[in-house]
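Please read the structure below before turning to the comments.
The values are calculated or read from the model by the stated rules, or taken from the named source; none is laboratory data. Remember, it's a predicted structure, so these values are computed and weren't measured experimentally. When we count neighbours, we look across all protein chains shown, and the Cβ atoms used for this are built from the backbone with ideal geometry, even at glycine. When the accessible area is computed, the model is the full protein with side chains, heavy atoms only, and any ligands, DNA or RNA have been set aside. Shrake-Rupley method; radii C 1.70, N 1.55, O 1.52, S 1.80 Å.
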Amino acid sequence: MKKCIGILWKYNKLGGAMKKEIEVVASIILKKDRILCAQRKKGKYDYISYKYEFPGGKVEKNETLKEALIREIKEELGQKIEIKEKYITIHYEYPDFKITMHSFICTIEKDTMFLKEHINLKWLKLEELDKLDWAKADIPIVKKLRQFGVELEGR
């Protein structure tokens, strides 16, 4: 197995490359009774372009999950987050790659953010989350939030 900054490349028995495996982090950012939802830009893969997601990104080599999440939100939204707790880990296989996504409940200091990797941000209530067109890997997070909720008050 060859490791390449947050991406694992595996080879089949015949020496051919298989799907890359990417470890990522995602933030479920809470503000009062709302959750931050971010719409992706057009990207390399049509099946995730313009979909909504919980913001985050790839874990880099020698980085903890929490360090990666703090760095990614600073880079993508220009904000500092406070990570409260781990929420759920998702394993999902897209047509071209596999991801392991670790999600965390977070809070944010300010409402003012910039868009670097996204084209839109929405603060939605739990019952509104189903109205968005989510990236497939994020759907289990949405389902868990809708089924079990999350303590929103006072965050």
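To keep it simple, each residue is scored yes or no on (1) assigned to a strand (DSSP E or B); (2) over 21 Å from SER49 (Cα atoms); (3) open to solvent by 30 Å² or more (accessible area, probe 1.4 Å); (4) touching a Gly at 6+ places or on another chain (Cβ under 6 Å).
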| position | (1), (2), (3), (4) |
| --- | --- |
| GLN79 | no, yes, no, no |
| LYS86 | yes, yes, yes, no |
| HIS91 | yes, no, yes, no |
| HIS102 | yes, no, no, no |
| PHE114 | no, no, yes, yes |
| LEU121 | yes, no, yes, no |
| LEU129 | no, no, no, no |
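Within segment 20-44, which residues are within 27 Å of ASN62 (Cβ to Cβ), open to solvent by 50 Å² or more (accessible area, probe 1.4 Å) and either of a type in the set (Ser, Thr, Tyr) or more than 16 Å from the chain's Cα centre (by Cα) (or both)?
LYS44, the sole residue that qualifies.
Between a first residue in segment 100-113 that is hydrophobic (A, V, I, L, M, F, W, C) and a second residue that is not in a strand (DSSP E or B), which pairs have beta carbons less than 7 Å apart while being 6 or more apart in sequence or on different chains?
MET101/ALA137; PHE104/LEU69; ILE105/VAL150; ILE108/GLN79; MET113/LEU77; MET113/GLY78; MET113/GLN79
When segment 131-155 is examined, which residues are found to be part of a loop (DSSP other than H, G, I, E, B) and either of a type in the set (Val, Ile, Thr) or at pLDDT below 95 (or both)?
Correct list: GLY149, VAL150, GLU151, LEU152, GLU153, GLY154, ARG155.
Return the residues of segment 45-61 that are modelled with pLDDT under 95 and open to solvent by 70 Å² or more (accessible area, probe 1.4 Å); say none if nothing qualifies.
ASP46, LYS61
Checking the condition of a type in the set (A, V, I, L, M, F, W, C) and crowded, with 17+ Cβ neighbours inside 10 Å, which residue from ILE108, ILE139 passes?
ILE108
Return the residues of segment 64-77 that are of a type in the set (Asp, Glu), surrounded by fewer than 20 Cβ atoms within 10 Å (Cβ to Cβ) and touching a residue at least 12 places away in the same chain (Cβ under 8 Å); say none if nothing qualifies.
Matches in segment 64-77: GLU75, GLU76.
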